[in-house]
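We did not get these values from a lab; they are worked out from the coordinates using the rules stated. The shown structure was predicted, so the numbers you read here are calculated from the model rather than taken from an experiment. Here the Cβ positions follow ideal geometry from the backbone for every residue, glycine too, while neighbour counts run over all protein chains shown.
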């Protein structure tokens, strides 16, 4: 991952600041940086979103394609995640450099979405055992400025909210052969219910305290962080420790409480933005990549 | 006509017959039937764990861990060796810990996984990353500048809680190799079966793990009371429920710790005895 090199006094400055609940950019320990969310930025996708969180820049595109359901779940569609670490983000990602980080993030996303209730997969089924929608969620890292996981999960949720899957009907003739018919109206489509899609909250342990939404500099000061995924109702669906260090059990419990609180307010803020954008409809001025 | 042996002459994909069984028919499996007859398991119950350190002659350190349900993990540790490319990943002044996790092709239940297939390799790499994150806090890497330590875990049989067993075995192997460590990392797995009032269970067996709606693996450094790995997910529940699960798991780690320590002591004594025997043979 992209990293910065800090000298010992610089680290000490950050750690002491965090102790006083005052971070280098003036935030408190539980504050997120200002986030920009825009949906429907790539017209070739079924749904897309771009999230800019400080200097972290993420683009997510969702493409719906028809496939065959998995054998063990014949009446459900499924999601596929792929994370591409662009060399624009850091030169370390050039060639196959970003592959390891990419698979790690994709595995984390699979775990976050492993809960049955996160997305209604049954609605993606067209006809059991034969056809279903497969949602390919492609994540592009355009810029890394710390706290990748949170930004990616926000972008994935926004992109899924924006996803429109065309409606299809299955026609069956007398001989039992089936035919799939696509609706003529392009606006006739299914929307996904994203109320239960979790967001990831990363809590980095710095000194004796933990912070949310760490910048690259703060990540360099933290030995261990806890990654938890929270739904809008405050339920935890997955957790993972990342980093070289270890954590005290008591501080893990505290971090989970903070994560739940922060995650809930994050969901409320995100939903508000998404609804606002939705209500503007086509009259919305698109910012895209020029903003 | 000569037969082309390279071509598989069956259908391209196979499907389990249960899928096509009439709905409502519950497939009766021998082991699940047994499960129903048995009294509900005590959630705090630990499966018997057998650990033995120092059994491979070629590796610097090695360990074998077996859990009651049939999980068998063999671990070997090598090092410290000179790092091939100094300072590639680790910051200057510390060593690197390389972890590898392999599954024997016959480890799992059901069809054999093709070794080297993409999904298999992906799963192994993920487990290796989890193993590394669990072990790194336990090893004093700062004492091995510009060196690398290697640990490889081989899962011989998967009977549930495989990653947890691999963590315990790998830290035993490192300790057996004489690597400087803060403490042993003890792994413990938990799972929650479906149902609204289902409790978390320690060290699930393979059938329990397959049916579970939520799984969690924790690793603890018991002497320091530091958690080195938390990895879990599944059906959402309140933080309090997860806290309870974590406490249960950490308690399990504390209870497993003496077993692992005993096995290390036994290995050291055995080594002393062989050394003494060799010395007396040389003087005689």
> If you average the sequence gap of Cα pairs under 8 Å that are 6 or more apart and divide by the length of region A:8-280, what percent do you get for the contact order?
Replying inline: 19
>> With 10 angstrom as the radius, rank A:165, A:14, A:268, A:152 by how many other C-beta atoms surround their C-beta, starting from the fewest.
In response: A:268, A:165, A:14, A:152
> Any idea what diffusion coefficient region A:112-223 gets from Stokes-Einstein, in µm²/s, Kirkwood Rh on alpha carbon pairs, 20 °C, 1.002 mPa s?
Replying inline: 123
> In Å, what is the Rg of the alpha-carbon atoms in region A:2-43, and how long is Dmax?
Replying inline: 15.5, 48
>> From Cα pairs below 8 angstrom and at least 6 apart in sequence, can you work out the relative contact order of region B:132-233, rounded to a whole percent?
In response: 28
> Given springs between every Cα pair under 10 Å in a Gaussian network model of chain A, which of A:12, A:171, A:121 has the largest fluctuation?
Replying inline: A:171
>> Would you work out the Kirkwood radius for region B:169-278? I mean one over the mean of 1/r across all pairs of different Cα atoms, in Å.
In response: 15.5
> Using only the Cα atoms, what convex hull volume per residue in Å³ does region A:46-143 have?
Replying inline: 109
> Cα convex hull of region A:140-291: how many Å³ per residue?
Replying inline: 178
> How high is the relative contact order of region A:182-253, in percent, with contacts defined as C-alpha pairs under 8 Å that are six or more residues apart?
Replying inline: 27
>> Could you compute how fast the protein assembly as shown diffuses translationally, taking Rh as the Kirkwood radius over C-alpha pairs and applying Stokes-Einstein at 37 °C with viscosity 0.692 mPa s? Give it in µm² per second.
In response: 127
> Across the residues of B:223-230, average count of Cβ atoms on other protein chains within 10 Å?
Replying inline: 6
>> Only counting other Cβ atoms within 10 Å, I'd like A:237, A:68 sorted with the fewest neighbours first.
In response: A:68, A:237
>> What distance in nm separates the two pseudo spin-label positions at residue A:44 and residue A:167, each 7 Å out from Cα along the beta-carbon direction?
In response: 2.9
> Sorted by packing (mean other beta-carbon atoms within 10 Å per residue), highest first, where do A:205-217, A:224-236 land?
Replying inline: A:224-236, A:205-217
> Average partner chain C-beta neighbours within 10 Å, per residue of A:99-108?
Replying inline: 2
> If you take the beta carbon distance between residue B:280 and residue A:7 as r and set R0 to 60 Å, what does 1/(1 + (r/R0)^6) give as a FRET efficiency, to the nearest 0.05?
Replying inline: 0.55
>> How shielded is B:239-246 by partner chains, expressed as the average number of their Cβ atoms within 10 Å of its Cβ atoms?
In response: 5
> For the residues A:4, A:15, A:51, what sequence is obtained by ranking on other C-beta atoms within 10 Å, fewest first?
Replying inline: A:4, A:15, A:51
> Shape of region A:9-81 from its Cα gyration tensor (a ≥ b ≥ c, root eigenvalues): rounded if a/c is under 1.5, otherwise prolate when a/b > b/c, or oblate?
Replying inline: prolate
> Based on the Cβ-Cβ distance from residue B:225 to residue B:156, what FRET efficiency comes out when R0 is 30 Å, to the nearest 0.05?
Replying inline: 0.40
>> Using a 7 Å offset from Cα along Cα-Cβ at residue A:25, what residues in region A:50-87 end up with backbone N under 20 Å from the label point?
In response: A:50-60
> In a GNM of chain A with a 10 Å cut-off on Cα contacts, which of A:25, A:275, A:75 has the highest mean-square fluctuation?
Replying inline: A:25
>> Past the 34 angstrom mark, what percentage of all C-alpha to C-alpha distances in region A:8-280 do you count?
In response: 24
